[in-house]
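Down below is the structure, laid out as structure tokens.
The values are calculated or read from the model by the stated rules, or taken from the named source; none is laboratory data. Computed from a prediction, not measured in an experiment: that's the story for all the values here. So basically every Cβ, Gly included, is an ideal-geometry build from the backbone, and we count neighbours across all protein chains shown. In case anyone asks, the SASA skips ligands and DNA or RNA and just uses the protein heavy atoms, side chains included. Shrake-Rupley method; radii C 1.70, N 1.55, O 1.52, S 1.80 Å.
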Amino acid sequence: MSRRVISLHELTEPVHWEVGNSLSSISRTTLTGGVSEGVELVTLKNPSIEISVIPTRGMGLLGGAALGYPLGWQSPVQRPVHPSFVDLSASNGLGWLTGFNEFLCRCGIGWNGPPGDDDEGSPVENPLTLHGRIANIPADNVSLFIDESDGSVGITGQVRECGLFGTNLTLEVEYRLPAEEPRFHVRDVITNDASRPAEVELLYHINVGPPFLEDGSVIAVSADAVAPRDPRAAEGIEDWSKCGPPESGFAEQAYYFNTSRLPTGHAAMVLANRNRDLAVEVAFDPDVLPHGAVWKNTAAVEDGYVIGLEPATDFPNHRSFERAEGRLKSIAPGEQLVTELSVSVLASTDTIQNTIAAAESLEPVIHRSAGNGFSPS
Amino acid sequence: MSRRVISLHELTEPVHWEVGNSLSSISRTTLTGGVSEGVELVTLKNPSIEISVIPTRGMGLLGGAALGYPLGWQSPVQRPVHPSFVDLSASNGLGWLTGFNEFLCRCGIGWNGPPGDDDEGSPVENPLTLHGRIANIPADNVSLFIDESDGSVGITGQVRECGLFGTNLTLEVEYRLPAEEPRFHVRDVITNDASRPAEVELLYHINVGPPFLEDGSVIAVSADAVAPRDPRAAEGIEDWSKCGPPESGFAEQAYYFNTSRLPTGHAAMVLANRNRDLAVEVAFDPDVLPHGAVWKNTAAVEDGYVIGLEPATDFPNHRSFERAEGRLKSIAPGEQLVTELSVSVLASTDTIQNTIAAAESLEPVIHRSAGNGFSPS
Amino acid sequence: MSRRVISLHELTEPVHWEVGNSLSSISRTTLTGGVSEGVELVTLKNPSIEISVIPTRGMGLLGGAALGYPLGWQSPVQRPVHPSFVDLSASNGLGWLTGFNEFLCRCGIGWNGPPGDDDEGSPVENPLTLHGRIANIPADNVSLFIDESDGSVGITGQVRECGLFGTNLTLEVEYRLPAEEPRFHVRDVITNDASRPAEVELLYHINVGPPFLEDGSVIAVSADAVAPRDPRAAEGIEDWSKCGPPESGFAEQAYYFNTSRLPTGHAAMVLANRNRDLAVEVAFDPDVLPHGAVWKNTAAVEDGYVIGLEPATDFPNHRSFERAEGRLKSIAPGEQLVTELSVSVLASTDTIQNTIAAAESLEPVIHRSAGNGFSPS
């Protein structure tokens, strides 16, 4: 693999790269105005897909487009918010919601899930705040690369989640676009830089809106088991895989999965449109991301009509519950946790039907009430 | 009306504009150093008045001068504070006070008043913080304009107060200076971008210091009723309209008003100096801003010797109290609330005396103790 | 004294200055990337020492080198953190720890010590947050100077700690390097800009790591009395002056001192290496800084292996305790508190042994348990 590497600050104008008939590019914008002032946005393109990465927001992925269809959703938070304007501690630890609008947002890496004290955690990090800190820490050492051997383009960056007497973790993120396909790959490496083992939680909050989401869209997850997060989700357990139209006042429902492998070798979470001719597929290794959640928030479009596909190391319960259930990852000093996933846009009815059918044929155990070790209630 | 519009980023050097013998101008500074680093300041001038607007602080108005007299006060917070240095949640929700030094500061727009939980409000916004968020959110889409038909100059900008599962409001602000008079006009439009009705509170915290304020200055408000906010204010109810000298250790007093219309057609709040030959008048429509407060904080000059004239949609009590009293504005989805006011500097003894007399002739009901639906105690 | 003064913004390229054979310099960097984006760093050098000051972080001193040895320590917080990314209120008031990595960090100036409510303090500053606000407020009016009479170079800056109804303090900081010696001088002036007396606490958190710190290093403090902060420190009271090797999981120990004068005229706190041929000495006037702490945090290197030498106006207990014990400084309106200290690197075994012996010969009273007015428990 022969990589041409460009540091973010060298990227003063767009770079184009041609392999065969395929033209890829990397460009950069520094946003101005309002709460986006100073936010860096890096856009990677191949002929089928473009994605915009936000180094300033923990290497989150704002959105993009594939095959002409938008990737993302309409959050009430309209533009990327510079972390200096997000107060995670606000609103009893729910301040994270004032910065959340990404297509792909990491929740972690010291913890994810709801806010509140974790009696066994570090006092210097209590109370935990919703979904952790990583999405609101700017990345450092950001570089772009072009792989001359296969024409792929990508971006890498480091995010440090740390404090004296607390966690001391480095997250290294890589996004890579192949030369031509409507797909991108994510590779994350978390290193424990402390002298003692570190607990880690990582959830990929991948948020898909129209046109993938519409009345009649279907969700598929390759899983052994599915459970509702709470009584509200239990109300809809029979229809967890079905999506309704935008509905003002719809209260969110979350479903938890133990992920498992398809015959193709990976685990998958899919959202397909009504006609099953357009879908987003998230593929990953269930040994590394053995859990996951589906977030059904089919509220009004202006309130955020969206489905979250969320492969994870854990369920997004409070960390104290996940610890008790044995789902925390522990990383030894100096050791690393490597997670990978691919996000593809599928536009072939056959492929989509086959993937859904394969996932459904796993016939997961369906828990009809909350609890059972999946969630506290 | 034919407007020449200039976006903020195009304003790289001052723009001058002449109508008849009148020269107006618009200029821009980006502040550097300390907590002001990166704060944008836009100064609008006509021959009689200049005002400096802070897009970075929610389109607040820092201060200025009219007829050679300064508009503003001496807050212990000396320079404009970039919102990234203001922690609204700090000090049990009183952090707002570490950024407050404007001549005109909006309190709102989801709420104003003291901090604390609002059980009927959105959990993602609890606890409320003092005087809301709008003054510490940077504006977007900032533009300057020159109206070629009448020689007025102005500035517009948008501020978004939003978060997932919370409010989703857009405030559009316009300040306009006429071609010659020592006056400016404010026009605010609040739009509810959510799918459900939104509660709104807006108070204009207009803070006037010397030379308008001095020992013997007088306050006039066109009102039906006046009430003290609390027992401390009740102590001074007989003298609510009289201002004393700077007094170290003076504890603030606030008076609440139901505003009403003068024969001239608008409601007014006025602060005039001892000689009644210099005054600031705030004029507005009492149907839109039916309430208001006067903030008497005649502390030592170095502690902030100031009178606040505060027309509002509500009283600056906690939102839960205002809801119970039926004073919250509700905006339907997609609908707008438009508020307007004018701030004038008066230097004619006749005009000042007449305005004061007109307000006094309304003979408001005076409540001598706190409560009575005006405030909780 | 004839000073050539350069404002920070004029310092676009390094300035060099020669006195005799001695070459000194001043240079400036604006950091980019991650949480350091926008942090200003000013480096002062003489032939023996260099120090890097962070105006953006309250005029703290990041670190440097003297006689080829690094000044500083390896905090899990690796790079200087812009205050806009530090939430002091986070983690029940312990958020300060997410920005702490300096060689010299001021704790104050309204208070230092642990977080929590101070019932006699201003409600607008409650709850107090760990070690106060000053280290996370950017400085203003930053200038560099070269003293042409003696070849010293220095930097000055102002930091304002203020808010309506709260403290109204200005800290003016000066660092000065002599022309040749491996030493720097600090002179701080705190002014009370309010109309009423202000309580002030100031502690210099001077943090020394390898090579000054190693297994067998010794600490010396010129003092009348020493006491452990708490039972954990009491465990090690007999060995308070001895340093061990890096030890994963070592729980910090803090010792409190009433400082006293050496025959040389000043008070001193010293950390010397095992061979007693390399030391850092902090010298100050015990009348102005009558108290102090030693922070033993001989944790693993990657967790922050460090000794803090901390001369102070008070002990870093909660302010309410210090008030009750009569250790708060009070500054009258308009008056100033001036504190000075020198930090020297010593490389002469004789000098080091003599300084240690002089301090030890004062034979301080050793309190073997916590309490006794030194700390609450």
> How large is the dipole of region C:126-224 about the Cα centre if only Lys and Arg carry +1 and Asp and Glu carry -1, each at its Cβ, rounded to the nearest 20 debye?
Replying inline: 400
>> Is the C-alpha gyration tensor of region C:142-251 telling us rounded, prolate or oblate? Criteria: a/c under 1.5 is rounded; beyond that, a/b larger than b/c is prolate, otherwise oblate.
In response: oblate
> Taking only C-alpha pairs under 8 Å that are 6+ residues apart, what is the relative contact order of chain B in percent?
Replying inline: 17
> If one computes P(r) from the Cα atoms of region C:283-351, what percent of pairs lie at distances over 17 Å?
Replying inline: 62
>> Please find, among residues of chain B, the one with the beta carbon closest to the rotation axis relating it to chain C, distance in whole Å.
In response: B:84, 2
>> For a test of the definition: using alpha carbon positions, the gyration tensor, and the 1.5 limit on a/c, classify region A:3-366 as rounded, prolate or oblate.
In response: rounded
>> Order A:177-186, B:84-93 from most to least packed using the mean count of other Cβ atoms within 10 Å.
In response: B:84-93, A:177-186
> Rounded to the nearest whole Å³, what is the per residue volume of the convex hull around the Cα atoms of region A:1-118?
Replying inline: 144
> Say a label goes 7 Å from Cα toward Cβ at residue A:4 in every copy; what distances in nm does this one have to the rest, shortest first?
Replying inline: 4.6, 4.6
>> List, by residue number, every residue in region C:156-179 with a reduction of 10 Å² or greater in accessible area between the chain on its own and the complete protein assembly, 1.4 Å probe.
In response: C:160, C:162, C:163, C:164, C:165, C:168
> So what is log10(I(q)/I(0)) for region B:67-198 at q = 0.14, 0.16 1/Å, when the Debye sum runs over its Cα atoms only?
Replying inline: -0.75, -0.94
>> With unit charges on the beta carbons (Lys and Arg positive, Asp and Glu negative) and the dipole taken about the Cα centre of the protein assembly as shown, which residue among C:56, B:307, C:260 sits farthest to the positive side?
In response: C:56
> When chain A is modelled as a GNM with alpha-carbon springs shorter than 10 Å, which of A:293, A:268, A:254 fluctuates the most?
Replying inline: A:254
> If you plug each phi of region B:76-86 into the Karplus form 6.51 cos²θ - 1.76 cosθ + 1.60 with θ = phi - 60°, what whole-Hz ³J(HN,Hα) values come out, in order, with x for Gly and Pro?
Replying inline: x, 7, 7, 10, x, 9, 4, x, 5, 9, 10
> Counting Lys and Arg as +1 and Asp and Glu as -1, each charge on the Cβ, what is the dipole of the protein assembly as shown about the Cα centre in debye, to the nearest 20?
Replying inline: 360
> Per residue of A:77-88, how many C-beta atoms from partner chains lie within 10 Å of its own C-beta, taken as a mean?
Replying inline: 5
> Whose amide H sits under 5 Å from the amide H of residue B:28, counting only residues 5 or more places off or on another chain, with H placed in the peptide plane?
Replying inline: B:43
> When the accessible area of each residue in region C:16-35 is compared between its chain alone and the complete protein assembly (1.4 Å probe; ligands, DNA and RNA ignored), which residues differ by at least 40 Å², being lower in the assembly?
Replying inline: C:34
>> Using a Cα-Cα cut-off of under 24 Å, which lysines could be cross-linked to residue A:296, ignoring same-chain neighbours fewer than 8 residues away?
In response: A:242
>> Using a label point 7 Å beyond Cα on the Cα-Cβ vector, give me the inter-copy distances for residue C:351 in nanometres, one decimal, shortest first.
In response: 7.2, 7.3
> Accessible surface of residue C:195 in the full protein assembly, 1.4 angstrom probe, to the nearest 10 Å²?
Replying inline: 20
> Taking Cα centroids, how far is region A:230-286 from region B:241-293 in Å?
Replying inline: 58
> What average count of beta carbons from other chains do you get within 10 Å of the Cβ of residues in C:300-313?
Replying inline: 2
> Which whole-number percent is the relative contact order of region A:129-286 (Cα, under 8 Å, 6+ apart)?
Replying inline: 16
> Among C:95, C:163, C:60, whose mean-square fluctuation peaks in a Gaussian network model of chain C (Cα, cutoff 10 Å)?
Replying inline: C:163
>> With a 1.4 Å probe, what is the total accessible area buried between chains B and A, in Å² rounded to the nearest 100?
In response: 2000
>> Can you give me the accessible area per residue for region C:157-200, using a 1.4 Å probe, in Å²?
In response: 30
> Can you run phi through the Karplus equation (6.51, -1.76, 1.60; θ = phi - 60°) for region B:88-103 and list ³J(HN,Hα) in whole Hz, with x for Gly and Pro?
Replying inline: 4, 6, 4, 6, 6, x, 9, x, 3, 5, 7, x, 8, 8, 6, 6
> In deg cm²/dmol and to the nearest 500, what is the mean residue ellipticity at 222 nm of chain B if only DSSP H runs of at least 4 residues count, each as -39500 (n - 2.57), divided by the residue total?
Replying inline: -2000 deg cm²/dmol
>> If I build a Gaussian network model for chain B, linking alpha-carbon pairs within less than 10 angstrom, which residue out of B:251, B:312, B:279 has the largest mean-square fluctuation?
In response: B:251
> For region C:237-377, what's the relative contact order in percent, using C-alpha pairs closer than 8 Å and at least 6 residues apart?
Replying inline: 26
> Mind listing the phi-derived Karplus ³J(HN,Hα) values for region C:113-129, rounded to whole Hz, using 6.51, -1.76 and 1.60 with θ = phi - 60°, and x for any glycine or proline?
Replying inline: x, x, x, x, 5, 10, 4, 9, x, 6, x, 6, 10, 8, x, 4, 10
> Over the protein assembly as shown, what percent of the accessible surface lies on carbon and sulfur atoms, probe 1.4 Å?
Replying inline: 47
> When each copy gets a label point 7 Å from Cα toward the beta-carbon at residue B:18, what are the spacings between them in nm, shortest first?
Replying inline: 5.6, 5.6
> Rounded, prolate or oblate: which fits the protein assembly as shown, taking a ≥ b ≥ c as square roots of the Cα gyration tensor eigenvalues, rounded meaning a/c under 1.5, else prolate when a/b beats b/c?
Replying inline: oblate
> Counting partner chain Cβ atoms within 10 Å of every residue's Cβ in B:193-200, what's the average?
Replying inline: 4
